[in-house]
1. Rank these for me by crowding, Ile53, Ile65, going from fewest to most other beta carbons within 10 Å.
2. Suppose the chain between Phe229 and His382 were pulled fully straight at 0.36 nm per residue; how much longer would it get relative to their current alpha carbon spacing?
3. What share of Cα pairs, in percent, lie more than 30 angstrom apart in the chain?
4. Could you tell me what percent of the DSSP beta bridges with both partners in the chain are antiparallel, to the nearest 5?
5. Enumerate the aspartates and glutamates that Lys88 could reach by cross-link, defined here as Cα to Cα under 13 Å, with residues fewer than 8 away along the same chain left out.
6. Just to confirm the filter: which GluC sites (Glu not before Pro) across region 1-74 are DSSP coil and have at most 13 other Cβ within 10 angstrom of their Cβ?
7. Could you work out the pair-distance distribution P(r) of region 90-146 from its alpha-carbon pairs, with 10 angstrom bin width and percents rounded to whole numbers?
8. Neighbour counts of other C-beta atoms within 10 Å: give me Trp215, Trp355 arranged from fewest to most.
Amino acid sequence: MSLSIGIHDLSFATGEFVLPHTALAAHNGTEIGKYHLGIGQESMSVPAADEDIVTLGATAAAPIIARHGAERIRTVVFATESSIDQAKSAGVYVHSLLGLPSATRVVELKQACYGATAALQFAIGLVQRDPAQQVLVVASDVSKYELDSPGEATQGAAAVAMLVGVDPALVRIEDPSGLFTADVMDFWRPNYREAALVDGHESIGAYLQAVEGTWKDYTEQGGRTLEEFAAFCYHQPFTKMAYKAHRHLLNYCGYDTDEAVIARALGHTTAYNRVIGNSYTASVYLGLAALLDRAEDLTGRPLAFLSYGSGSVAEFFAGTVVAGYREHLRTDANRRAIDRRTEVDYARYRDLHEWRFPTDGGDHATPEQTTGPFRLAGISGHKRLYQAR
Ligand code: CAA
């Protein structure tokens, strides 16, 4: 008998500050309609100087550990494309901040924004092999482009933590998956750069190619038909991309591309991404969180997921919403994570964007800015020093 494996719990965290797109538009003279309608973004989360992918990841995961304990967790997979170290997994810091047992394997995974879906699928494989164990998947990213570049309006920051195990309380993940890989240079970040490089329009084309490629493989593998899905959770570098992707998929399948039909299929999946911005690996699962929090009862309904990571690797897969899921949602906490952010003006945002640690190996304290439960207190001898409050 095949096991029911999937997402048992899901929690997210985002940055301390928020920059409304109206402030960015006023600075660079852009007509606000381009941001609100053209790319579908209203505001972007901006991390404090003492926040990073580790503090965001630990903040997202802490409520999961508080609710379920750590006894069954034997693996932590940390997915990111804004890594802080070339050797040590950011997950090891999270493991330490959360006080997880030493009998745990911890690893970091990278393939641009697709990393969290790889982590989820690997987690499912591990649980299949040992159904007694649970896997903690943490997807955490700070999306950063150059100031005054076209990508700047699509920045953001967030982490999603998911507990993966048998008999999940939220979503059962199904086989098959539709897979697609193509060697393209649409978005990349060489090791010596902090901000990503992107060929924006090329990247949209590459994403749409991947939608086609994954769907083709998904149907060849015997997947569901389009009509069966209650909603579609797309990777959302900006929320308008989900509309472009779904329109492309409908066209490819020979269907009408009426805007109302597309809006219905996306359901509420864009609500959190629209105000948080691009969170890279976390983005598609923020879409899921928003859908589960806001949609009418989805019990027993299949959901579609399209995960895209530049470079590029993509996966189309399905999950079915489990009976009783609403009792396990974190809707109020999710709302609070968004509402608690302090709005900054353009000058403050620019200072935060330009903040860097000196790289001289000395002792450097970080300004105390975050009000969250974990902070990056400083750096000493090239070692990052974290603090739990
Ligand atoms: N009112 C309403 N709409 C307006 C408008 C106005 N006043 N002015 C412009 N628009 C519309 C445009 O018509 C356009 O819509 P369509 O795409 O539907 O034609 C939209 O606003 C954007 O306008 P431009 O294409 O002129 O904007 P741009 O040149 O500044 O670039 C971008 C937009 C390419 C998305 C850029 O922000 C960028 O490079 N972003 C980063 C890369 C990215 O997110 N790529 C997505 C795919 S890659 C991926 O998914 C991985 C990842 O996470 C990075």
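Laboratory data are not the source of any read-out in this text; all were calculated from the coordinates shown. None of the values given here were measured: they were computed from a predicted structure. Virtual Cβ from ideal backbone geometry, glycine too; neighbours counted across all protein chains shown.
1. Going from sparsest to densest Cβ surroundings: Ile65, Ile53.
2. Values: separation 153, 0.36 × 153 = 55.08 nm, distance 4.88 nm.
Here the segment from Phe229 to His382 would lengthen by 50.2 nm.
3. Here the long-distance tail beyond 30 Å is 34 percent of all Cα pairs in the chain.
4. Once the DSSP bridges in the chain are tallied, antiparallel ones form about 75 percent.
5. Cα-Cα hits under 13 Å: Glu108.
6. Values: sites: Glu16, Glu31, Glu42, Glu51, Glu71; in loops: Glu16, Glu31, Glu42, Glu51, Glu71.
Answer by residue number: Glu31, Glu71.
7. Per 10 Å bin, starting at zero, the Cα-Cα P(r) for region 90-146 comes out as 20, 48, 27, 4, 1 percent.
8. Trp355, Trp215
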